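To start, the structure itself, in structure tokens.
The values are calculated or read from the model by the stated rules, or taken from the named source; none is laboratory data. All of these numbers come straight from a predicted model, not from anything done at the bench. Cβ coordinates were reconstructed from backbone atoms using ideal geometry, including for glycine residues, and neighbour counts include every protein chain displayed.
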């Protein structure tokens, strides 16, 4: 695992066992992060709330719910079972998005825009085309939160991993400023579904967008490995000849 810290953003690289592909998690507490690549698929969360478990459909995606309950679905504001994801800070107060990605902020959580809450169930985002980058505002990050991608490796991202990637993160499940983060997850292996769940209370998040263009992996190409191997063999041969001359 490699950590690269720049301001409040941390690049967290995950190398899955037995895989050549790499996946990265980039997190920032207060600075919005867009998905990597082109052809973004923005997810619109406007719609009826109560909360609502009605399937959401948009250009290139759908959002469905499994397992119903008072804290699951498309929600707005806060209750005993879910809290509004914190998008920034104004003065000493937590600030919230009033709408979708790029919207203005408000310190009144009652005036915040809609977001998703898993409750004790699951929320699945289905994409029409394979994606390689996924961005979201991850609310009150808890170690029990989980995102699972249906790529070839069944890649998963835990709340614990996001906490490690978010420089300045305050504490597990913290609902104030410093407890939520903008997160971008990139993977070399395309996915068409993202499923959110949580082992504790709820996983609150605002999915911003996904992107269909693969990101550039930091892994050496096969040709690079061949060059490295060739260099090692030449070095060994040189050392062997030098040793023979001295003997």
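Residue by residue, here is whether (1) touching a strand residue (DSSP E or B) at 6+ places or on another chain (Cβ under 8 Å); (2) farther than 30 Å from residue 174 by Cβ; (3) modelled with pLDDT of 85 or more holds:
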site	(1), (2), (3)
9	yes, no, no
12	yes, no, no
26	yes, no, yes
36	yes, no, yes
40	yes, no, yes
43	yes, no, yes
53	yes, no, yes
62	yes, yes, yes
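One line per residue, one yes/no per condition, for (1) in contact with a helix residue (DSSP H, G or I) (Cβ under 7 Å, 6 or more places away or on another chain); (2) farther than 25 Å from residue 95 by Cβ; (3) assigned to a loop (DSSP other than H, G, I, E, B); (4) not assigned by TED's automatic domain parsing to the domain that holds residue 112:
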site: 33; (1), (2), (3), (4): no, no, yes, no
site: 37; (1), (2), (3), (4): no, yes, yes, no
site: 54; (1), (2), (3), (4): no, yes, yes, no
site: 62; (1), (2), (3), (4): no, yes, no, no
site: 65; (1), (2), (3), (4): no, yes, no, no
site: 70; (1), (2), (3), (4): no, yes, yes, no
site: 78; (1), (2), (3), (4): yes, no, yes, no
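Could you list, in sequence order, the residues of region 165-187 that are over 16 Å from residue 31 (Cα atoms) and either surrounded by 24 or more Cβ atoms within 10 Å (Cβ to Cβ) or touching a strand residue (DSSP E or B) at 6+ places or on another chain (Cβ under 6 Å) (or both)?
Answer for region 165-187, where residues must be over 16 Å from residue 31 (Cα atoms) and either surrounded by 24 or more Cβ atoms within 10 Å (Cβ to Cβ) or touching a strand residue (DSSP E or B) at 6+ places or on another chain (Cβ under 6 Å) (or both): 186, 187.
Condition first: assigned to a loop (DSSP other than H, G, I, E, B) and free of Cβ contacts under 8 Å to residues at least 40 places away in the same chain. Now tell me which residues in region 43-52 satisfy that.
Result: 48, 50.
Among the candidates 3, 101, which residue alone is at pLDDT below 85 and surrounded by fewer than 15 Cβ atoms within 10 Å (Cβ to Cβ)?
3
Can you name the residue in region 151-173 that is within 14 Å of residue 196 (Cα to Cα) and in a loop (DSSP other than H, G, I, E, B) and, of all such residues, is modelled with the lowest pLDDT?
Among those residues, the one meeting the criterion is 154.
Which numbered condition trips up residue 74, out of (1) part of a strand (DSSP E or B); (2) in contact (Cβ under 8 Å) with a residue 60 or more places away in the chain?
(2)
Conditions: (1) under 14 Å from residue 206 (Cα atoms); (2) out of contact with any strand residue (DSSP E or B) (no Cβ under 8 Å at 6 or more places or on another chain). Residue 70 meets all but one. Number of the miss?
(1)
Do we have any residue at all in region 108-131 that's over 20 Å from residue 75 (Cα atoms) and buried (at least 24 other Cβ atoms within 10 Å of the Cβ)?
yes
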